[in-house]
Each structure stands twice: as structure tokens, then as C-alpha cells.
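Where a number appears in this text, it was derived from the coordinates with a stated rule and is not lab data. Computed from a predicted structure; not experimentally measured. Here the Cβ is made from the backbone with ideal geometry for all residues, glycine too, and neighbour counts use every protein chain on show.
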Amino acid sequence: MSMFERAKRARNLKEGYPEDKGLRNGHCNRSGCLAPLTGRPHYWMRDHETFTDAKLYYCEPCADQFTRWDKHIGAPIRCTLETDDA
């Protein structure tokens with residue numbers, strides 16, 4: 001387990017979220033969603049808060065919402081579909 005993952009798990013528990021929020025095969029990182037990701041497509045974006053370039057994972061509906069917003073404001077698309085070779 002990476003330092004980032006250990007810190008993320010501890011922070012999640014401290015804030016009352018599932019321990020695996022935002023982690024691969026955990027729960028969607030969007031606090032208003034928290035959908036389980038196991039067995040479903042994973043979308044990720046860089047964690048810019050910690051400056052570690054770690055990936056935070058989101059479910060497909062949340063990734064779609066981020067992408068629609070990014071397109072609406074003309075910003076770079078933040079969410080990327082995780083592939084098996086990633």
C-alpha cells in the first residue's frame with residue numbers, strides 16, 4: 001500500500017467516509033455519490049490537493065457530470081477511463 005493510499009484511508013475514516021473512498025475498487029470519490037466501483041468502469045483524475053499525482057477514482061455517472069461541466073466551460077477533460085494496462 002502506498003503512502004498516499006494509507007493517508008487517504010486515514011483521512012476518509014476521520015471524515016466519516018468509507019475507508020476506500022476514491023481508491024481503486026473502492027467507492028466513488030464524490031462525497032455526494034460514494035457508489036461502489038468494484039466490477040464497474042473506473043474513471044480517474046489526478047489528486048491535485050496533495051500534489052502527489054495520485055489517482056482518485058470516480059464512477060461513470062460522476063465522471064460524465066465532470067466531463068459535461070468541463071466541456072461547458074471549455075476546460076480540459078479531467079476524467080479518464082481506467083484501462084487494464086494502467
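Odds and ends about this structure:
- The angle between the Cα long axis of helix 3-14 and the main principal axis of the chain comes to about 80°, on a 0 to 90 degree scale.
- The fraction of Cα-Cα pairs per 10 angstrom bin, counted from 0 for the chain, comes to 18, 50, 28, 3 percent, rounded to whole percents.
- Cα-based helix-to-principal-axis angle, 60-73 vs the chain, degrees rounded to 10: 50 degrees
- A crude spin-label estimate for the pair residue 2 and residue 69, with each label 7 Å from Cα along the Cβ direction, gives 2.3 nm.
- Modelled spin-label separation between residue 46 and residue 77, with each label point placed 7 Å from Cα along the Cα-to-Cβ direction: 1.7 nm.
- For region 1-45: rounded, prolate or oblate by the Cα gyration tensor [a/c cutoff 1.5]: oblate
- Candidates 34, 23, 13: whichever shows maximal mean-square fluctuation once the chain is modelled as a Gaussian network with Cα springs under 10 Å: 13
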